[in-house]
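First comes the structure, then the notes that go with it.
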Amino acid sequence: MGAAGDGRSGRIDLHTHSEVSDGTDTPEQLVALAAKAGLTTVALTDHDTFDGVAEAVAAGKAHRIEVLGGVEISTELNGISVHLLGYGADPGDSDLAAQLEDLRRSRTDRVPQMLQALAELGMPIDPAVLQAEIGESPSVGRPHIADAMIVQGYVKSRGEAFDGYLAVGGPAFVPRRHAELARAIDLIHQAGGVAVIAHPWSRQSWQVLDEPALARLASENHLDGIEVDHHDHAPETRAALRGIAQRTGLLATGSSDYHGAGKVDHDLGSNTTPPQVLAELLARIRG
Ligand code: AMP
Ligand code: FE
Ligand code: FE
Ligand code: ZN
């Protein structure tokens with residue numbers, strides 16, 4: 001498969017979340033909505049789990065839309081959180097699966113401490129309410145706690161819960177384990193996939209992902225790409241990142257980071273990836 005000129009066309013969204021992590025649609029619903037929105041390819045990239053991928057792929061066949069299996073891995077570089085997207089990796093790869101399981105365990109393990117902090121702040125959470133928000137998700141996140149806070153009337157939105165209590169440094173924040181970024185890139189490659197850093201200049205990760213760092217990740221760790229077109233990046237940020245991608249040989253993707261009702265201004269297809277970039281990613285995935 002070549003780059004430009006291979007005849008691919010379409011609207012491509014490579015970063016979305018279902019209720020298998022902190023989105024609000026089932027994988028099937030998400031794929032149906034993606035087809036309805038006119039997308040030709042959608043990647044499901046739940047946090048630290050592949051559990052929704054099989055359902056999404058099956059739904060893709062029914063709704064005639066290409067579904068790319070993926071994951072968004074919680075990693076860190078120099079102690080700073082970096083989100084890494086992995087596409088086309090084998091969910092059955094034992095090393096990758098073990099890493100993801102460890103990340104999910106750490107997500108679950110910190111919940112009692114966060115609930116304790118909220119209780120001390122005068123916001124006790126009913127365990128049944130929280131469990132209803134988590135549902136069957138194997139990957140518990142702060143958004144589930146935020147949703148429980150909304151149900152109990154403590155805040156009006158996930159944004160308010162993060163800004164007041166749950167964000168890094170907030171009074172109810174408790175850290176959890178992350179995978180080392182370089183190791184996570186290796187794990188994705190060993191499992192046959194390609195690795196793209198999500199929203200590199202959002203929230204915290206901008207601190208550790210300047211051009212020399214990204215150049216090193218490209219040349220030494222064979223990072224495949226960076227997500228340039230993302231809601232968290234202003235126009236000048238996108239232009240700067242596009243320049244870095246060109247100079248370092250990284251692919252530049254774009255995606256919505258859709259979370260269903262869990263995040264406003266992240267509609268499916270609100271940012272997209274050029275067809276020739278998808279073609280190059282697919283060419284690098286070991287089938
Ligand atoms: P966690 O997975 O527990 O580390 O929580 C991080 C997740 O919370 C991110 O992946 C986002 O989906 C979500 N998130 C972070 N900040 C906000 C915010 N201000 N409003 C809504 N969701 C947020
Ligand atoms: Fe999320
Ligand atoms: Fe992310
Ligand atoms: Zn995401």
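The values are calculated or read from the model by the stated rules, or taken from the named source; none is laboratory data. Note that the coordinates shown come from a computational prediction; the quantities given were computed from them, not determined experimentally. Glycine also receives a Cβ, built like all others from the backbone with ideal geometry; neighbour counts cover every protein chain displayed. Protein only, heavy atoms only, side chains kept; ligands, DNA and RNA dropped before computing areas. Shrake-Rupley method; radii C 1.70, N 1.55, O 1.52, S 1.80 Å.
Remark: the chain carries 42 Å² of accessible area per residue (probe radius 1.4 Å; ligands, DNA and RNA excluded). Helix 27-36 axis versus longest C-alpha principal axis of the chain: approximately 50°, rounded to the nearest ten. Per-residue 3J(HN,Hα) values for the range 171-179, derived from phi via the Karplus relation 6.51 cos²θ - 1.76 cosθ + 1.60 with θ = phi - 60°, read x, 10, 7, 10, x, 9, 6, 10, 7 Hz in sequence order (x marks Gly and Pro). One Cα centroid belongs to the range 217-287, the other to the range 48-76; the line between them spans 17 Å.
If R₀ is 22 angstrom, what is the calculated FRET efficiency for the pair A132 and R11, using the beta carbon separation as r and rounding to 0.05? After rounding to 0.05, the efficiency reads 0.05.
By how many nm would the segment from Q190 to R286 lengthen if fully extended, with 0.36 nm per residue of separation less the alpha-carbon distance?
Details: separation 96, 0.36 × 96 = 34.56 nm, distance 0.96 nm.
Extra length from Q190 to R286 when fully extended: 33.6 nm.
Can you give the helix-only mean residue ellipticity at 222 nm for the chain, where every DSSP H stretch with n ≥ 4 adds -39500 (n - 2.57) and the sum goes over all residues, rounded to the nearest 500 deg cm²/dmol?
Working: 11 runs with 113 residues, N = 287.
Rounded to the nearest 500, it is -11500 deg cm²/dmol.
Solvent-accessible area assigned to carbon and sulfur over the chain amounts to 50 percent, based on a 1.4 Å probe. Each Cα pair under 8 Å and six or more residues apart adds its separation to the average, and for the chain the resulting relative contact order is 25 percent. Figure legend: label point modelled 7 angstrom from the Cα of Q29 along Cα→Cβ; residues of the range 262-276 with amide N under 13 Å from it are 262-263. In this rough spin-label picture, where each label sits 7 Å from Cα along the Cβ direction, the K61-R247 distance is 4.7 nm. Here the Karplus curve 6.51 cos²θ - 1.76 cosθ + 1.60, taken at θ = phi - 60°, turns the phi angles of the range 227-234 into couplings of 7, 8, 8, 8, 3, 6, 9, 5 Hz, with x standing for Gly and Pro. In terms of its C-alpha gyration tensor, the range 4-88 comes out oblate, because a/c is 1.5 or above while a/b does not outweigh b/c.
Amide H contacts under 5 Å for L68: V42, A43, L44, restricted to partners 5 or more places along the chain or on a different chain, H placed in the peptide plane at 1.01 Å from N. Sorted largest first, the spans of the alpha carbon positions of the chain along the three principal axes are 60, 44, 39 Å.
Taking amide H atoms as placed 1.01 Å from N in the peptide plane, the amide H of L85 lies under 5 Å from those of I73, V196, I197, A198, each 5 or more residues away in sequence or on another chain. Counting only alpha carbon atoms, the long axis of helix 94-109 and the longest principal axis of the chain meet at about 30°. The longest stretch of the chain left intact once loop-based trypsin sites (Lys or Arg not before Pro) with at most 12 other Cβ atoms within 10 Å are removed from consideration, loops following DSSP, is 157-285. Computed from backbone phi, the HN-Hα couplings of the range 37-48 come to 6, x, 6, 9, 9, 9, 9, 8, 10, 5, 5, 6 Hz, rounded to whole numbers (Karplus: 6.51 cos²θ - 1.76 cosθ + 1.60, θ = phi - 60°; Gly and Pro given as x).
By how many degrees, between 0 and 90 and to the nearest 10, does the Cα long axis of helix 181-190 differ from the longest principal axis of the chain? Between the helix axis and the principal axis of the chain, the angle is about 60 degrees.
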